[in-house]
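*Asks:* Would you mind keeping the following structure in view while I ask a few things?
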Amino acid sequence: MAVPFDQMAGVIWIDGKLIPGPDAKIHVLTHGLHYASAVFEGERAYGGVIFKSQQHSERFKNSATILDFEIPYSVAEIDAAKRLVVEKNGQPNAYVRPIAWRGSEQLGVSAQTNKIHLAIATWEWPSYFDPAQRLKGIRLDLAEYRRPDPRTSPCLAKAAGLYMICTISKHRAERRGYADAMMLDWEERVAECTGANIFFIRDGKIHTPIADCFLAGITRATAIDLAKRRGIEVIERRILPDELTGFSECFITGTAAEVTAVSEIAQWRFAPGAITKQLMDDYTAEVQPKGKAAAA
């Protein structure tokens, strides 16, 4: 049986101090727990180097601003703390999770004077999906919940509360035998998966939804850049479910998922092919620390 996260060995950085993992606790009356006033990041370290660490920290700070609070550490300080935890835990290839939240000074909808806390944890976490399935292609369900109108939620923040419908949708998908679920937006257009962005391929061109009601992932941007380096056209546009029949390949991207092929979404079928495989290989090479990819 896997060790529960609250019993993992190693240290967690909280408000400037390294604390043994089992001792890293907060009060039950914390505002972030009751009102989802929390933001986080998902990052990976490869060979001891956190991939695009600064970009993640900048987005982390921006997410807090959107939720109307300020993380009391600079981007440079957050980057340094992340590196320290990776080093102290002896996990050169690790998942990195910074999280910031409102504390327990007040417990009500309004909590403007609550202290803002920051914690950083790391743990060993291989590919989000079975490695054998990543190129063969995972199966996706179609989620019942929709990504909301951006006028109704802070959709451009990586905010804890926005993932509630993702958990519900992923649980439903897994119970039905799928690996994940694709979500539509409030106007019934293709949006994203529960924790990853999605791409489709037709006639050698890549199509992906416009990220205006969901998070434009850092891995998403990396995949777009890698495709363009290969001379592959990337089109960001509105995509309707009826169009899925016309696409030959599909893949998803995310810090946890990296680049993973998709073989099925509900009634639609895809055949993972050359472009998906090329981007998977290119991404693997891209995340390697400088000097290590060439030596590998």
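*Asks:* Looking only at region 51-84, filter to residues that are open to solvent by 50 Å² or more (accessible area, probe 1.4 Å) and among the acidic types (Asp, Glu); which one of those is farthest from Pro126 (Cα to Cα)?
*Replies:* Within region 51-84, the match that is farthest from Pro126 (Cα to Cα) is Asp68.
*Asks:* Report, ordered by the first and then the second residue, all pairs with beta carbons closer than 8 Å, sequence separation of six or more or different chains, a first member in region 202-215 that is farther than 20 Å from Ile66 by Cα, and a second member that is part of a loop (DSSP other than H, G, I, E, B) and among the aromatic types (Phe, Trp, Tyr).
*Replies:* What qualifies is Arg202/Phe247; His207/Phe247.
*Asks:* May I ask you to list the residues in region 247-267 that are open to solvent by less than 30 Å² (accessible area, probe 1.4 Å) and either out of contact with any helix residue (DSSP H, G or I) (no Cβ under 7 Å at 6 or more places or on another chain) or over 17 Å from Ala196 (Cβ atoms) (or both)?
*Replies:* Across region 247-267, the qualifying residues are Phe247, Cys250, Ile252, Ala256, Ala257, Val262, Glu264, Ala266.
*Asks:* Pairs please, first residue from region 225-247 and over 19 Å from Ala266 (Cβ atoms) and modelled with pLDDT of 95 or more, second anywhere and in a helix (DSSP H, G or I) and open to solvent by 100 Å² or more (accessible area, probe 1.4 Å), Cβ atoms under 8 Å, 6+ apart in sequence or on different chains.
*Replies:* Close Cβ pairs (under 8 Å, with a partner that is in a helix (DSSP H, G or I) and open to solvent by 100 Å² or more (accessible area, probe 1.4 Å)) amount to Val234/Lys228.
*Asks:* Follow-up. Provide a single number: the residues in region 172-213 that are more than 17 Å from Ala257 (Cα to Cα) and of a type outside the set (Val, Ile, Thr).
*Replies:* Of the residues in that region, 19 qualify.
*Asks:* Quick test for you: out of Arg189, Arg176, pick the one residue that is of a type in the set (Lys, Arg) and out of contact with any strand residue (DSSP E or B) (no Cβ under 6 Å at 6 or more places or on another chain).
*Replies:* On the way: Arg176 fails: out of contact with any strand residue (DSSP E or B) (no Cβ under 6 Å at 6 or more places or on another chain).
Answer to the check: Arg189.
*Asks:* Which one of these is crowded, with 17+ Cβ neighbours inside 10 Å, of a type outside the set (A, V, I, L, M, F, W, C), farther than 17 Å from Glu70 by Cα and touching a residue at least 60 places away in the same chain (Cβ under 8 Å): Gly32, Gly42, Gly48?
*Replies:* The match here is Gly42.
*Asks:* Related question: With touching a Gly at 6+ places or on another chain (Cβ under 8 Å) and polar (S, T, N, Q) as the only criterion, which of Thr208, Thr245, Thr255 stands out? I'd like the intermediate steps shown before the answer.
*Replies:* Details: Thr208 fails: touching a Gly at 6+ places or on another chain (Cβ under 8 Å); Thr245 fails: touching a Gly at 6+ places or on another chain (Cβ under 8 Å).
Of Thr208, Thr245, Thr255, the one residue that is touching a Gly at 6+ places or on another chain (Cβ under 8 Å) and polar (S, T, N, Q) is Thr255.
*Asks:* Select from region 224-236 the residues that are open to solvent by 60 Å² or more (accessible area, probe 1.4 Å) and either closer than 22 Å to Leu162 by Cβ or among the small types (Gly, Ala, Ser) (or both) and write down the one among them that is farthest from the chain's Cα centre (by Cα).
*Replies:* Gly231
The values are calculated or read from the model by the stated rules, or taken from the named source; none is laboratory data. The model shown is predicted, which means the values in this text are computed figures rather than measured ones. With ideal geometry, Cβ positions are generated from the backbone for all residues, glycine too; neighbour counts draw on all protein chains shown. Ligands, DNA and RNA are excluded from the accessible area calculation, which covers all protein heavy atoms including side chains. Shrake-Rupley method; radii C 1.70, N 1.55, O 1.52, S 1.80 Å.
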